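**Q** Sharing a structure below in structure tokens format, with a few things to ask.
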Amino acid sequence: MKAIRWLLKLVLAMITLPLILAVWLIKWFVVFLHHCSAWTFYLLGSVVLATAVLSFLMQQSQGIEALQMLTGGFVIFMIPQVVGGAVVGRTKDQILSERKDLYIAQ
């Protein structure tokens, strides 16, 4: 009986291994896309911030215009931070609440 149980576990592991590998590869592809989009926002925000500072220093724009560009660049730069924090924070809270329910049920 032990041998049959061990053999069934081995067969089940062999069957689910490709599925686990596929999910793992999809996860890392999505993480790669997320980081690429984050870097795009960081670069765009940095360019806008540098443009605002340099145009003010070279007297190509007035103070209000430079401040508007600084605000826009900061908002663009912070979009990945805010979205990432909201997603990770919510997922972390959900995981902790599920664990708490699991421990209470036992």
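**Q** Please go through the range 57-68 and pick out each residue that is open to solvent by less than 60 Å² (accessible area, probe 1.4 Å) and either closer than 17 Å to G84 by Cα or assigned to a helix (DSSP H, G or I) (or both).
**A** Matches in the range 57-68: G63, A66.
**Q** Restricting attention to the range 1-43, which residues are within 30 Å of Q81 (Cα to Cα), of a type in the set (S, T, N, Q) and open to solvent by less than 80 Å² (accessible area, probe 1.4 Å)?
**A** S37
**Q** Can you tell which of L19, L54 is in a helix (DSSP H, G or I), among the aliphatic types (A, V, I, L, M) and at pLDDT below 90?
**A** L19
**Q** R90 passes all but one of (1) modelled with pLDDT under 85; (2) surrounded by fewer than 10 Cβ atoms within 10 Å (Cβ to Cβ); (3) not aliphatic (A, V, I, L, M); which number fails?
**A** (2)
The values are calculated or read from the model by the stated rules, or taken from the named source; none is laboratory data. What you see is a predicted model, and the numbers here were worked out from it, not measured in a lab. In this analysis, Cβ positions are derived from the backbone assuming ideal geometry, glycine residues included, and neighbour counts consider all displayed protein chains. To get the accessible areas, we keep the full protein, side chains included, count just its heavy atoms, and leave off ligands, DNA and RNA. Shrake-Rupley method; radii C 1.70, N 1.55, O 1.52, S 1.80 Å.
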